[in-house]
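Beneath this line is the structure, given in structure tokens, with notes to follow.
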Amino acid sequence: MIISGSDMDLLNLLLISLLLAAPSSAQQPTERQTFTCGGNLTGVSGLLGSEGFPGVYPPNSKCTWKITVPEGKVVVLSFRFIDLESDNLCRYDFVDVYSGHANGQRIGRFCGTFRPGALVSNSNKMLVQMISDANTAGNGFIAMYSAAEPNERGDQYCGGRLDKPTGTFKTPNWPDRDYPAGVTCVWQIIAPKHQVIELKFEKFDVERDNYCRYDYVAVFNGGEINDAKRIGKFCGDSPPAPIVSERNELLIQFLSDLSLTADGFISHYKFRPKKLPTTTAPPATTAVPTTTNLKPTVALCQQKCKRTGTLESNYCSSNFVITGTIITTLSRGGSVYATVSIINVYKEGTLAIQQAGKTMSAKIMAVCKQCPLIRRGLNYIIMGQVDEDGRAKVLPNNYVMSFKAKNQKMLNTLKTKRC
């Protein structure tokens, strides 16, 4: 008999339910273990689960668990079952795991039925937080935590802090055999102030998927896993192009699921002065000013709006790429300020996106109100620049066009393109 992945999840859920309901001895029957919304958990090991597990978790909830193991140990968290509303960006229902209790580094965000490998804190404290919205729900999650020695390495333990001027890091088992299934590694590279980090992948082979949903390497500017600061998400057998950080911190996350594995990767990094030009910077001819006081001028806002290039040629030079419906417009000082109800995000960068339930929106400023000409109620593909505060700026030479269903295929292709 062949058991599918979904059938296996149901089987696991049934076994877990039976285990939770089982008495501790024949003479002393106990009640089923119940899980509440959050709490403080201590000791060398234990279980935590979503409120009401294995029943459907409640809507509009925010539950926080603080785990503390004995001093000198680290926390290892292993998900036994997870079933939350599925979304590629985990925007609606999700579980966040942090190293430490307050202002800790986020180790990962998880949703759907994807079960990550062992998650390891860098201290004796870990924080787990589950958030649900008002809509679709599932059976939630159950996880086990345990204490481990900080220097225990091996297949399930990898990652760490890298602060030497040059260095190398690699997946577990490299190069002798494939990386193991069910692993989460986080490397944090920290350079001195006024220096940046150059990262190069020498060899790269991670389970291939069009959307890198299963095994992947994600690289972030700064010291935390934050989608708004993600430089790229990579899988397959082609090494990513060299990456240069914006500032003096870079975070690399490697995650493998519980199925197929591959050779893995080896990567090298080095520090260098910030003033040197970066290989990832756009050419000077396509640079766009992003100052907050940018004002329309006669030279900038020519009567005839000219746009050059194609979707593909403009994609990489833009800070953000979205499709959306214009829901409000306001003309002021020769510019147009608009609110866009987002249909899809293809390249987010540092664009500030507001969310209310499942509805996402963004504020944009079309510097010259006639170029591009955007009208309320219509759908557009919008590419532009983002200032330091996360505000979108669209200039006459930025690419904006009406969004049609036929554009979807090209945009999906561009989403996986490495700039």
**OP:** With the condition kept exactly as written, say whether any residue in segment 49-67 is among the acidic types (Asp, Glu), within 18 Å of Glu224 (Cα to Cα), at pLDDT 90 or above and surrounded by fewer than 19 Cβ atoms within 10 Å (Cβ to Cβ).
**Re:** no
Original post:
So, of the residues in segment 180-195 that are modelled with pLDDT of 90 or more and surrounded by 20 or more Cβ atoms within 10 Å (Cβ to Cβ), which turns out to be farthest from Thr261 (Cα to Cα)?
Top reply: Ala191
Subject >> From Ile225, Ile231, residue being crowded, with 18+ Cβ neighbours inside 10 Å and either assigned by TED's automatic domain parsing to the domain that holds Leu89 or assigned to a strand (DSSP E or B) (or both) >> reply: Ile231
**OP:** Kindly establish whether Ile243 is in contact (Cβ under 8 Å) with a residue 40 or more places away in the chain, buried (at least 18 other Cβ atoms within 10 Å of the Cβ) and in contact with a Leu (Cβ under 6 Å, 6 or more places away or on another chain).
**Re:** yes
**OP:** Go through (1) polar (S, T, N, Q); (2) in a loop (DSSP other than H, G, I, E, B); (3) in the same structural domain as Pro239 (by TED's automatic domain parsing) one by one and return the number of the condition Thr136 breaks.
**Re:** (3)
**OP:** Could you tell me whether segment 144-153 includes any residue that is free of Cβ contacts under 8 Å to residues at least 60 places away in the same chain and hydrophobic (A, V, I, L, M, F, W, C)?
**Re:** no
**OP:** Can you work out which of the residues in segment 234-268 that are assigned to a loop (DSSP other than H, G, I, E, B) and of a type in the set (Asp, Glu) is modelled with the lowest pLDDT?
**Re:** Asp257
Original post:
If you go through segment 316-334 one residue at a time, how many are crowded, with 18+ Cβ neighbours inside 10 Å and either in contact with a strand residue (DSSP E or B) (Cβ under 6 Å, 6 or more places away or on another chain) or free of Cβ contacts under 8 Å to residues at least 12 places away in the same chain (or both)?
Top reply: 8
Original post:
Counting only residues that are exposed (fewer than 15 other Cβ atoms within 10 Å of the Cβ) and either of a type outside the set (Asp, Glu) or in a strand (DSSP E or B) (or both), which one in segment 168-179 is modelled with the highest pLDDT?
Top reply: Thr168
Original post:
In this structure, is Val196 aliphatic (A, V, I, L, M), in contact with a Lys or Arg (Cβ under 7 Å, 6 or more places away or on another chain) and not in a loop (DSSP other than H, G, I, E, B)?
Top reply: yes
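Quick grid of which residues meet (1) part of a strand (DSSP E or B); (2) out of contact with any His (no Cβ under 9 Å at 6 or more places or on another chain); (3) among the β-branched types (Val, Ile, Thr):
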residue: Gln188; (1), (2), (3): yes, yes, no
residue: Glu202; (1), (2), (3): yes, no, no
residue: Arg208; (1), (2), (3): no, yes, no
residue: Cys212; (1), (2), (3): no, yes, no
Original post:
If we only count strands (runs of 3 or more DSSP E) wholly inside segment 312-419, which ones have 2 or more residues that are of a type in the set (A, V, I, L, M, F, W, C)?
Top reply: 320-332, 335-347, 359-366, 379-386, 392-394, 400-402
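The values are calculated or read from the model by the stated rules, or taken from the named source; none is laboratory data. No experiment lies behind these values; they were computed from the predicted model shown. Positions of Cβ are backbone-derived with ideal geometry, glycine not excepted, and every protein chain shown enters the neighbour counts.
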